[in-house]
Ligand code: PAF
């Protein structure tokens, strides 16, 4: 049966009992407002470990705008219903501390992510965001002490920063990435989608469509045994995004998956690259990405976008 705990002391008492029986522990860190994308992370955690803990905590330290923090949906009871709906994949524990439990006093020591990873892509328009993420994830790792933690590939920059966090600080947690889950209209699932109007929802499809165009261009070059030019990929994606003039671009980039920095201008089409986009649809900022050269990630994206085309989108 799934239990809710709200304090570090209670969390650690319950986990110690599981550990005493030799159980392995998985953590799925979330900020709640759970959707199918989060549930995919939980399903994966349940397969990977004996005990699964889902943390639900809207972390104020990773919001640079007060209005964004205030608007972030909070729905703990609905979240727990969604987790119970997973049947056999229902997690064992929901850890839902309040802000005072997580930050009993303003921390004097926090985790700082180097600008080379933090100040680009999403970090460029959200100063301090990844320091806030890295700090709370470090606290969650220390509180839960999981064997593994599951993160979505949708927040690709976050995933990379967490990978560097565990590598650089010798944190003994295995990071398990899970592919982006898409709605039938191709839009990557996000807690923010529920703030879109019907028209905005239609406009939002253009993000995945732009990435799909980059996949198709790369695949064509790969089939021909050729190269890809980053500038050409960007032009292709920009042309698709222009089809929804109300969508305001925040960034559109093709980056190296390890450094998140600019790749060489022309590379073999088999290279691993991340095509990433962030855009405002109305007031809602959406992100999406695909890992070019990772056939599973490319296929998952194309399947979502094509099914939207079949629906007449
Ligand atoms: O991805 C999220 O929901 C958050 O950034 C995380 C990892 C739960 C940290 O607050």
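Quick rundown of the values:
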{"read-out": "Test: residue in segment 13-27 that is crowded, with 21+ Cβ neighbours inside 10 Å and within 13 Å of the ligand (Cβ to nearest atom)", "value": "yes"}
{"read-out": "Of all residues in segment 38-56 being out of contact with any strand residue (DSSP E or B) (no Cβ under 6 Å at 6 or more places or on another chain) and within 15 Å of residue 152 (Cα to Cα), the one that is nearest to the ligand (Cβ to nearest atom)", "value": "39"}
{"read-out": "Some residue of segment 149-159 being away from the ligand (no atom under 13 Å from the Cβ) and out of contact with any helix residue (DSSP H, G or I) (no Cβ under 6 Å at 6 or more places or on another chain)", "value": "no"}
{"read-out": "Near pairs, Cβ below 7 angstrom, 6+ apart or cross-chain, from segment 98-120 (closer than 15 Å to residue 132 by Cβ) to any residue that is modelled with pLDDT of 95 or more and part of a loop (DSSP other than H, G, I, E, B)", "value": "102/57; 117/260"}
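The values are calculated or read from the model by the stated rules, or taken from the named source; none is laboratory data. No experiment lies behind these values; they were computed from the predicted model shown. Note that each Cβ is placed from the backbone with ideal geometry, even for glycine, and that neighbours are counted across all protein chains shown.
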